[in-house]
Amino acid sequence: QVQLVESGGGLVQAGGSLRLSCAASGRTFSSYAMAWFRQAPGKEREFVAAVSRSGGNTYADSVKGRFTISRDNTKNTVYLRMYSLKPEDTAAYYCAAVWTAGVVYIPTDYNYWGQGTQVTVSS
């Protein structure tokens with residue numbers, strides 16, 4: 001079992017930056033692929049970024065070059081650094097985990113989810 005707790009969301013002006021954190025419980029954090037998804041009101045949950053066990057990263061085209069995902073296995077934490085934020089980045093951001101060696105893009109393939117943290121970007 002893995003429990004995930006996100007933090008770091010808030011209100012920021014367009015062009016600003018935020019860093020989201022996701023703290024995971026358990027002693028096998030390094031064996032999980034981790035990801036961030038987001039969901040805006042009235043829209044489906046969408047993939048944002050993922051980091052594999054080995055540290056390989058992948059990003060949605062909409063955030064590539066602006067967001068950076070990283071993990072610190074000594075702290076059981078995954079981060080999402082967001083730069084040059086746009087109003088269309090406004091959403092609830094969710095951390096997710098799955099026991100796999102690869103990278104997973106589909107929300108239903110993830111076993112564990114956090115409660116979400118709200119990011120609001122004003123224009």
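The values are calculated or read from the model by the stated rules, or taken from the named source; none is laboratory data. Remember, it's a predicted structure, so these values are computed and weren't measured experimentally. Virtual Cβ from ideal backbone geometry, glycine too; neighbours counted across all protein chains shown. Each accessible area value is taken on the protein alone, full model and side chains, heavy atoms only, with ligands, DNA and RNA left out. Shrake-Rupley method; radii C 1.70, N 1.55, O 1.52, S 1.80 Å.
Per Stokes-Einstein, at 10 °C and 1.306 mPa s, what whole-number D in µm² s⁻¹ belongs to region 84-123, with the Kirkwood radius over Cα pairs as the hydrodynamic radius? Write out the running numbers ahead of the final one.
Numbers: Rh = 11.9 Å.
Approximately 134 µm²/s, per Stokes-Einstein.
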Practice prompt. With θ set to phi - 60°, apply the Karplus curve 6.51 cos²θ - 1.76 cosθ + 1.60 along region 44-49 and write out the HN-Hα couplings as whole Hz, x wherever there is a Gly or Pro.
Written response: 6, 5, 10, 5, 10, 7
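Kindly provide the trypsin sites (Lys or Arg not before Pro) of region 63-120 that DSSP labels as loop, not H, G, I, E or B, and whose Cβ sees at most 12 other Cβ atoms within 10 Å. Write down the numbers at each step before the final one.
On the way: sites: 64, 66, 71, 75, 81; in loops: 64, 66, 75.
Hits after loop and neighbour filter: 64, 75.
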Worksheet entry | Estimated vicinal HN-Hα couplings, Hz - region 114-121 in sequence order (Karplus 6.51, -1.76, 1.60; Gly, Pro = x) | x, 7, x, 9, 7, 10, 10, 10
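Give, as a single signed number, the net charge of other residues whose beta carbon lies under 9 Å from the beta carbon of residue 39, with Lys and Arg counted +1 and Asp and Glu -1.
Values: positive: 38, 43, 45; negative: 44, 46.
Residues near residue 39 contribute +1 overall.
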Item to complete: Express in % the proportion of alpha carbon pairs of region 1-84 at distances exceeding 18 Å.
Response: 44
Worksheet item: At a 1.4 Å probe radius, carbon and sulfur cover how many percent of the accessible area of region 32-94?
Response: 45
Worksheet, complete the sentence: Note: probe point = Cα of residue 14 + 7 Å toward Cβ; backbone nitrogen < 13 Å; residues of region 24-57 passing the test are none
Discussion item. Taking the solvent-accessible surface of protein heavy atoms with a 1.4 Å probe, what is the per residue accessible area of region 10-65 in Å²?
Written reply: 51
